[in-house]
Every structure is written in structure tokens, then in C-alpha cells.
Amino acid sequence: MRHVILERWSRGESCVHRRDPRAKIVALITFLAVVATAHRALAWLAPGLLLLLLAGLVLAKLPLTGALVRAALVVPFTGVFALICWFAGEPALGLRLLAKSYLSALAVIWVVATTPLPALLNGFEMTGVPRFLLVVCQFLYRYLFVISEEAQHMSKAAAARGTAARNWTAPGPSFRAAAGALGVLFARSYARAGDIHRAMLARGFDGRFLQLHSENFRPADTAFALVASLAPVAVRLTVERVVG
Amino acid sequence: MARFLKSCYGGKAVHIPDGFLSTPVWAALDTAAVPAVAWVARRAQRGFDDRQAPLLGLMGAFVFAAQLINFPVGAGTSGHLVGAALLAFTLGPAAASVVMTAILGIQALVFQDGGLLALGANIVNMALVGVLAGYLPYRLGGAGEWRRFSIFAGASLSVVVAGCLALSELLISGVRMQTSLLGISLAVFLVSAILEGVITLAVVRSLERIQPTLLQDSPPHKSPALLFIAVAAVLLASVGVLFASQAPDAIEQLTEHAGPRSFGWLRQAGTGLAGLALIYGLCLAIGRTVSRNRSV
Amino acid sequence: MTPLVEVHGLRFRYDDGTAALNGVDFHLNAGETVALLGPNGSGKTTFVLHLNGLLRGQGRVSVSGLTVEPKNIPAIRRKVGIVFQDSESQLFMPTVLEDVAFGLLNRGLDSVTARGRASAALETVGMSAAAARAPYHLSAGEKKRVAIAGIIAMEPEVLVLDEPTASLDPPGQRSLAGLVADLPQAKILVTHDVPFALALCQRAVFFQAGRIAAEGPVEEMVCRFDWHFAFERSKSPR
Amino acid sequence: MTPLVEVHGLRFRYDDGTAALNGVDFHLNAGETVALLGPNGSGKTTFVLHLNGLLRGQGRVSVSGLTVEPKNIPAIRRKVGIVFQDSESQLFMPTVLEDVAFGLLNRGLDSVTARGRASAALETVGMSAAAARAPYHLSAGEKKRVAIAGIIAMEPEVLVLDEPTASLDPPGQRSLAGLVADLPQAKILVTHDVPFALALCQRAVFFQAGRIAAEGPVEEMVCRFDWHFAFERSKSPR
Ligand SMILES: Nc1ncnc2c1ncn2[C@@H]1O[C@H](COP(=O)(O)OP(=O)(O)OP(=O)(O)O)[C@@H](O)[C@H]1O
Ligand SMILES: Nc1ncnc2c1ncn2[C@@H]1O[C@H](COP(=O)(O)OP(=O)(O)OP(=O)(O)O)[C@@H](O)[C@H]1O
Ligand SMILES: [Mg+2]
Ligand SMILES: [Mg+2]
């Protein structure tokens, strides 16, 4: 699955990896806001911000091409709209959409690839996301692999028994098999949730998830948050002063 | 073209990336989403115990996994489940909203599917309004002969409404689109919606055979008239919002001075938010009336 | 001496109407190791889930003098550690080390102590190298080892292992046996693995259709119910 | 005679970087039964998933002359029947009979013939009585039997069973052994259950760290790697 690579990157070692997730979230949100509200001199601002992100990627020792390619996942969607704008006689608008969404995606990757997702989700508690929702996200991420694998096994098992020979004319049986498989998968996910809950209770769970890594916000984190969030603002102010 | 659009829309759900929405639109929708999600999360947690956290997480993982199972629909094409309506039928609307919100969050962070600042918009479209629009017909259809239709209608409606809202938000934000393209998009939404309806119906029926206790009870009484009115009203409202947000004069204003000093966006955002509130209120009001009637 | 675990007339019925337990009487003394044998679906797992109140049936269950009832449940869960049949559902934390430390943190240990004890438990089951890995990338047997580590780290008074040898390789089975034999606690082993039960248990209890059909030394139970794998090839091998 | 299954220099690395197979050479002749032994995490399951193209690594895999590559996969899936380590994911139809008949219908058999062959397969595994039940409600052992029926009904040329005895009670293990011994196909048994392997296989292949470390008669492999459960109680029993 394509997100495994992000997970491997996130377990790397660098000064960005070591920073508190909350510091990175602050920096990320500032960056996204800078991009989202920009409207003037984008032709200069976009390369500036891209350079900034590249510096961040280098600092985090992430593979540059890998990250750049991954951020391109947004291009198909954005591309359609860019084309639509082009046809509507607004090529500049199309390019703007492309640039903004690509930069935003790359920024998100920079943070997700330097912070293990569980820690990142914990960090989001500070932004006011309800704790319950975050715990749901943790479970979702943990069992995503397990259940996806079951789903794949099921469809492979069905394929192994003949649905692979494409029925162009009569999709009936394979359609029913897919519906049956989803029904079973649903019921199993439901039952598994009960098992997990039991296992948690058996180990003294009382509704609160405790952290093994106590996150102390150190001075280095504060400094990092300041620098990383001021940088895009500075780039934008400079560009707009000079060009605009 | 329709096929191309469909593949680029990711099949069904339109996850808006960052950079597309104008500041007032994403800011307004984020502001709207935060208290709504908080409320929904509290509600989903209540009534059950801490068992809910693993359950909802696993249901989210299920929806992800469900997209790996392809449903052949003839002529070499296949579709897959989006799941908002199925979640609403099985977990109830509040819990379904929480699960959809979690899914959108993970998609934005890990899969670069939808933006982070645009998360509020995506949550409103899919996790809040989409779920509610899907649950409404299920509630109104009752357990009788309209049940199958209401399951189908709910699932379809959730897809159409979410798609229309997303597109309206894009239009309000100044993305230009000719009316003909808008028509094609609408057609794509309708096809996807019918697919979602058929798939959801098939899954619900297989679930009924395996373990019927997993489905939410639908009220024994049935009110087909109300069902049709509600479905039609929500459908019309969302298509209406879509076309209203494309009003050419407003677009003109917006693109000419798209700066924060321009007040064009105010009217635009106003129209959009009003439409959104209208649909949301409509779903909520119909739901309320029905449950009141029933409890008396 | 009163037994450590005492069960009287326990009955339980699942929501769908399956009567899984139909009156079970059982006792376990301190330091004793008992095997629960019996056919598939005879109620062994269901029984075990009653010992720390994860399921509640009719009848009386008590653990070191405490009756299983809501107010005692936190204390009882501290005394009884269960390794479940399905280790996948037991490993719900993002990394192996965090998973093993989960129970320790819930008990109020600070994170340094918890980390130390969790590492020691991983060492015991031979999984130290996997401490930072995600549980979903492990093979079936590796998962089982981590699940066992999560429970022994808690040092419960009664250790319940539900099919501990399933999908463990033979050296793993041996070292598990050695580990279990060295632990001083009272133990309940639910297993279909007769050599394992023979090696470790003084006494066996045989379940049949939700009841204890017989009880006695393991050898005796195995002979009486013809409870071992003995297969004669009907065709001659090539 | 060319072997039925031939594997040369197979390597595979999971997405997260784990090198699960590091050059495996393997062959299986028609009518032969081979045991795959080896420690947890040595790559047995990973290897087996390559035999019908569920995973694709580097190296060459061929089944009765057909290389495993996209265009041959439907044909190969018809030749190789795998009963997964987790049999539950194999059962997806609402009733047992429908599930067993599923593959037959897809192959174009008319429903009368398909029903007949499905019933016969259920008879073989001793599950005729459950034909109308929902697979979801069966016990672990019963599910395993139905999964096996679904595969043997397709009459594959190679039958692969991944940990078939896990969580089966001893009588269930015996009847499974009888069933497997009576099937004429070539078989690959992945197992940690040494008596089971000894009873059924002529040859064993020993996996270690993603490689085949040795190969020979089952007894020899078992002795050489000390691959059986033999535990001496260190403390005297009570
Ligand atoms: N969640 C459930 N809902 C309904 N019935 C269940 C459930 N779990 C188990 N049962 C049924 O209860 C009975 C006892 O099951 P249990 O799991 O306790 O058996 P077991 O002795 O542990 O079997 P095994 O050796 O296969 O693990 C069986 O008939 C089983 O089908
Ligand atoms: N989905 C996965 N992602 C990453 N690594 C995996 C995955 N599945 C297995 N592995 C790793 O690949 C290696 C081989 O695993 P495999 O499941 O093939 O072992 P196995 O021989 O079947 O073990 P067991 O006897 O425990 O079933 C192990 O190191 C395991 O941790
Ligand atoms: Mg059991
Ligand atoms: Mg395996």
C-alpha cells in the first residue's frame, strides 16, 4: 500500500524528526494559511515557498524525488480543474490552483513523513480536536492494514475461484460475491471491535489512553516552531514588498 | 469526458484539496465544522461506553478496506462503496459522522486526498450533510415495502448532496466552469449515486442474511409521501445551490478583484452558506418532525 | 486454604441464543497449573472470559476471595491476566513496545518504569528486536509472542493462556513451556496441544457442551477421551 | 518429468522493507506431499502466496509449465488451491453450500452439476449437515473444513494448506489428516505440527530467514533442527 512509505520515512532520524509534533503542526498550519490566502505575485511566491519546503525536506533527510512525486498525488484532481479553467479562458487561474494545491500537499507530506502518525494525532489534541475523535483515528489507522488485508484476501479468494475470468456480459455472480464479502467483512470488523475492547479491558483500560513517551515541549521545540512558522510569512512579505 | 471526469474525481467522493477554496469559504466551513464535530463526537460517545472508540475506528478501517473490493457493473467497469449511508444505517447518524470525519482526516494526512485547511469543507459535505441526507430516507421509509427504495435513495442522496455541495463551494471560490461542464459533472454524480445506491442495497441485504442485528431499526410505520417529498426537496435544494453558486455576475466580480478587499466574495459566500444551512436545516427539521410524531 | 479461583454453577448464553456454558464448577489452587481440554466449541474460551468479568453469566465466580461483580472488577483484572486466542485483537497499540507497556501504564506506573518492564518482558519472549515495529507487520507467531509479553509484564496472580502454542514454532513452544514452568503463578492453559499440556499441567479439566465432563491427571483425560493425534497412513508412502 | 511447481531464486521484500524471501529454489512433483517447516517469520506464508500470484517477487515461479505472470494468472489460480492460514476470509457467501458452489458456477457449470459437486465436497469433509448454515456462525474448526471443501471442489492440481491444524481439536486433526491423505493431488503443507507432518509428508523443506536451509525426509529435518516439542519439567511436579 502506498502509505507505507510515509510510515517508513517517519521513523527516520533527523533534527526535524526529533521535534515535538505540536511544533510541526503550528508550522504546518501557518504555511498552509500563507499559501491559501496568497493572491498577489504568486509567480514569485510559489518558487520561494517551494525552495523553503525543499530546504525543510533536506533538513529532514527525506528523499527529495520521493517526496516530490508523492505530493503529485493531488495533480490528477487539480489538473482537471486547471484544464477546465484553461478552457474557460483563465489559464492563470488554473496554474494558481495547481501551484497552491501542490505546495500544500508537499507541506503536509513534510510533516507526516517526519512524525509517526500516532504521535501526530496526539499532537492534534492541542488544536481542539476532540480526544474521542483522535482515538477513533488511532484505531482506524491501526486496523486499516488488518482489515484491508482481509478484504484483499477475500477478493483474491473470490478471484481464485473464477471471478477473475471477466464476465463482461453477466456481472451477476461476482457482484453478489462482492456484496456477500462486504457483508461478512462488516460483521467481522464489528465482532473484532468487541474482541479488542475486551483485550483492552483485560489490561486495565479505563477510558484514557496513556502515553509511553511523555512529550515535553522543550525550548528547541519553541524555537523550531517560531522559525518554521515565521519563514513562510517572511518569504511572502518579502516577495510582495519587492514584486508588488 | 464524463468518464475522464469521473476517474479524476476519484470515482465518487470529491475531496477538495487545499488551494482551491477562497479564504472566506474555507474559514467559514472550518468554523462551522469544529463545533459540529465536537457535538457529534459527544453524542456518539454518549449512550454507549468506551467500547465506541475501537468500534468506530474499526468501522472506519472497514470503509477504507471496502474500497478494495470492486463491484463489477457490466461493460468492464466497476465501482466501489463510499459508505457514508451504510455507516448511518448501521451505527446511526452521529456515530457515522464521527467515522466519516476520522476517515477524511486520515485521508488528508496520509493519502494526500483532500486538504487540511479544506478539511472543514470536506467534513461538512460528506461527514455531516452527506450522512444526514443518507439517513433521512432510511428513517422515513419504514420497515415495509418502501424499505428497499429508501435504502437505495439514502445511499444515492448522500453521494449527490456531497458532490453538489463540494462543487458549489468550488464555484463560490471562483473556480470557473461552463454550464455544459456543470451538467456533465451533475450527470457523473447521478451515475455514481445510482451505483452507490445499488451497492449499498446489496451489502445491506447480505448483512440482513448474515446478522440482521447490526442494522439500525427502522420505524415500523411508513410514510411514502413524506419520503418522496423529502428526497425530492433535498435533491432540488442541492442542485439549486449548485446552479445558484454559478451565477455569472457574481463570478465576474470575484475574478476581477479576487483580493480580500473585494466584497464580491461576501455575497458569494453568503449565498453558499445560506444554501448549505438550508439543506442541513431541511434534513434536521424533517428528522425532528418525524421522531416527534413517532414518540407521541 | 481457600482456592484462588472458585466457580460455582456458571451458566452463560450468547445474545444469539447459543447456550455456551451450562453449569460449570471449577477451582484452582495457588501455584497450580491446570489444562482445559475439550472439543471445538465446547465453551473453554467463553469460560475463561468469565474469570475477569469480561462476560457475566449466572452463577458465582470468585478470585482470591473477591466475587466478580462490578465494584471488584478493577482489582480482579489486576489479578487475572488473559492471553487471548486471537492475538491480532490483543495488539492494538501502534508499536510493539507501547503495546506491552499499555497495561503497565494503566496500572499507574510512570513511563520510565513501564518502559523498563516492557523491554524486559520482550526480552523474555525473544522479541526485543521488534520493539519499535508495528504489530501488523509481524508474522502470526511473532504476534503471539508479543501478546504473551504484554500479559507477563503485568505479573498477574493467575495467568490464563488461551491456545498459546497455536502458530508458534517448536522452539517457541519449548521456550514458552520453559517460561510458563518457571513462572510461580497459578496458571490455566486452554489448549489442543496434548504434549504441551502433558509437560506442564498437574491436572486437566475436560469440557464438553458447556460442562466439565471429567477431571483428573492429564494422562488419564487424554486416554479416556482418546485425545491425541495418532494417525496411521492408510496408503503406503511413496 | 518436469516438476509440477518450480521456483527459482525467488526474492521478495514487503513494502516496509522487510526482506521476507532471499532466493528460494523449490520444486514439487505430481502426487507428492511436501511439508514446509521453519521458524516463525521465516517466510513460509509469504512463499506460498507467490504460488498463485497473490504476491509477486523477483525470480521465476512456474506451475505445470506456466510461468506466474499476469496473463497466466487466471489459469494458474485454477491449478493451485490455497487454504489460507486464516480460513475465515475465504468464506463470503451467505450459506455454506453456496460458498462451496461459488467457484464451480463461475467456471460455467450449470447449477445442478455445481450443486452436486459442492454437496460431494461437503460430504468429503464431513460437513453435509451444515450445508444450509451461514459460514459466519461456524466454529473455527468447522470453518476450516468448509474452506477446504471450497478448494477441493475446484479440483486443483496442487493443494496448499497453511497451518491447517491450528485451533483444531485432536479428533479434528485426525480427520483432517485422513482427508488429506486420501486426496490424490500434490500437496504443500505449511505447519508447525510435527506429528501431522510426519504422518502425511514424504519430504520436508526447512525455511530459515527467507531461504530454504535444508531439504530431506521429514524425520531427518526434525532431528537436524531439533524440531519437535520435547520439554522436561525443570521443577518437580507437585
Ligand atoms: N460471539 C458469539 N456469539 C454467539 N455464539 C458464540 C460466540 N462465541 C462463541 N459462540 C458459541 O459458543 C460456544 C462455545 O464457544 P467457545 O468459543 O467458548 O468454544 P471453545 O471451547 O473455546 O472452542 P475452540 O476450541 O474452537 O476455541 C460455541 O458453540 C460457539 O459457536
Ligand atoms: N504484511 C507484512 N508487511 C511487512 N512485513 C511482513 C508482512 N507479513 C509478514 N512480514 C514479515 O515477513 C517475514 C516473513 O513472514 P511470514 O508471514 O511469511 O512468516 P511465516 O514463516 O509464515 O511465519 P509463521 O510461522 O509465524 O506464520 C517476517 O519477518 C514478517 O515479520
Ligand atoms: Mg476457544
Ligand atoms: Mg505463516
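Bear in mind these aren't lab numbers, they're just calculated from the coordinates by the rules spelled out. Source: prediction; values computed, not measured. Neighbour counts are summed over all protein chains in view; Cβ atoms, including those assigned to glycine, are modelled from backbone coordinates with ideal geometry.
In terms of its alpha-carbon gyration tensor, the range C:160-238 comes out oblate; a/c meets the 1.5 threshold, while b/c is at least as large as a/b. Summary of packing: across the peptides B:146-157, C:112-123, the per-residue average of other C-beta atoms within 10 Å ranks them, highest first, as B:146-157, C:112-123. Working note: Karplus 6.51/-1.76/1.60 with θ = phi - 60° gives the range C:121-127 the couplings 5, 5, 4, 4, 8, x, 10 Hz, where Gly and Pro are set to x. Residues A:E13, C:E215, C:E142, ranked from the fewest to the most other C-beta atoms within 10 Å, line up as A:E13, C:E215, C:E142.
The loop-placed trypsin sites (Lys or Arg not before Pro) in the range A:13-58, going by DSSP, that have at most 14 neighbouring Cβ atoms within 10 Å of their Cβ come out as A:R18, A:R40.
Calculated on C-alpha atoms, the gyration radius of the range D:20-138 divided by its Kirkwood radius gives an Rg/Rh of 1.01. Would any residue of the range C:201-234 have its amide N under 20 Å from a label point 7 Å out along Cα→Cβ of C:Y14? List them or say none. It comes to C:207-212, nothing else. Dimensions of chain C along the principal axes, based on C-alpha atoms and rounded to the nearest Å, stand at 60, 51, 39, largest first. Database remark: amide H of C:K187 closer than 5 angstrom to the amide H of C:E32, C:T33, C:V34, C:L159 (H placed geometrically; neighbours at sequence offset of 5 or more, or on other chains; Pro and chain starts carry no H). Taking amide H as placed 1.01 Å from N in the peptide plane, B:M177 has no amide H partner under 5 Å among residues 5 or more places away or on another chain. Bridging of A:K100 to aspartates and glutamates at a Cα separation below 14 Å is possible for B:D18, once same-chain residues fewer than 8 apart are set aside. FRET efficiency for D:A132 and C:Q208, Cβ-Cβ distance as r, R0 = 30 Å, nearest 0.05? The pair D:A132/C:Q208 has a calculated efficiency of 0.70.
For the range D:13-20, 3J(HN,Hα) computed residue by residue from phi via the Karplus equation (6.51, -1.76, 1.60; θ = phi - 60°) reads 10, 6, 3, 7, x, 5, 7, 8 Hz, glycine and proline entered as x. Among residues of chain C, the one whose beta-carbon sits closest to the C-to-D rotation axis is listed with its distance in Å as C:A166, 3.
The trypsin sites (Lys or Arg not before Pro) found in the range B:28-134 that occupy coil by DSSP, while having at most 14 further C-beta atoms within 10 Å, are B:R46. Cβ-Cβ distance of C:N72 and A:A223, R₀ of 41 Å, FRET efficiency by 1/(1 + (r/R0)^6): the value works out to about 0.20. Averaged over the residues of C:46-54, the number of partner chain Cβ atoms lying within 10 Å of the residue Cβ comes to 2.
With a cut-off of 8 Å between alpha carbons and a minimum separation of six or more residues, what is the relative contact order of the range D:101-198 in percent? Please list the in-between numbers first.
Values: 85 pairs, mean separation 25.8, N = 98.
Answer for the range D:101-198 is 26 percent.
Please identify every one of the chymotrypsin sites (Phe, Trp or Tyr not before Pro) in the range A:192-237 that sits in a loop by DSSP and has no more than 13 other beta carbons within 10 Å of its own beta carbon. Loop-located and lightly packed - A:F217. Extending 7 Å from Cα along the Cβ direction at B:V34 and again at A:V75 yields two label points whose distance is 3.6 nm. For D:A213, the residues 5 or more places off, or on other chains, whose built amide H falls under 5 Å of its own are D:F206, D:F207, D:Q208. Could you calculate, for the range B:172-226, the ratio of the Cα radius of gyration to the Kirkwood radius, expressed as Rg to Rh? Reported Rg/Rh, Kirkwood definition of Rh: 1.22. In this model, which of A:K61/D:K71; C:K143/D:K143; C:K79/D:K143; A:K61/A:K156; C:K71/C:K187 are farther than 30 Å apart at the alpha-carbon? In this structure, A:K61/D:K71; C:K79/D:K143; A:K61/A:K156 lie more than 30 Å apart at Cα. Centre-to-centre separation between the Cα atoms of the range C:42-70 and those of the range C:183-219: 18 Å. Residue by residue, the range C:133-149 carries 3J(HN,Hα) couplings of 7, 8, x, 6, 9, 8, 7, 3, x, 5, 4, 4, 4, 5, 4, 5, 4 Hz when phi is fed to the Karplus relation 6.51 cos²θ - 1.76 cosθ + 1.60 (θ = phi - 60°); x denotes Gly or Pro.
From the Cα gyration tensor of chain A, with a ≥ b ≥ c the square roots of its eigenvalues, which class applies: rounded if a/c is under 1.5, or else prolate if a/b is larger than b/c, or else oblate?
Oblate is the answer for chain A, as a/c is 1.5 or above yet b/c matches or exceeds a/b.
Rg and Dmax of the range A:1-140, based on Cα coordinates, read 16.2, 47 Å.
With contacts taken as Cα pairs under 8 Å and at least 6 residues apart, chain C reaches a relative contact order of 25 percent. Full extension of the chain between A:L237 and A:L95 gives 49.0 nm of extra length, using 0.36 nm per residue less the Cα-Cα distance.
With each label modelled as a point 7 angstrom along the Cα→C-beta vector, the A:I29-B:L182 pair spans 3.5 nm.
For D:D110 and D:S175, the FRET efficiency from 1/(1 + (r/R0)^6), where r spans their Cβ atoms and R0 equals 25 Å, is about 0.20. The mean number of Cβ atoms from other chains found within 10 Å of a Cβ in peptide D:187-199 is 3, as a whole number.
Put simply, the convex hull of the Cα atoms in the protein assembly as shown casts, on average, a shadow of 41.7 nm².
Measuring nothing but how far apart in sequence close Cα pairs (under 8 Å, 6+ apart) lie, relative to its length, chain A scores a relative contact order of 36 percent.
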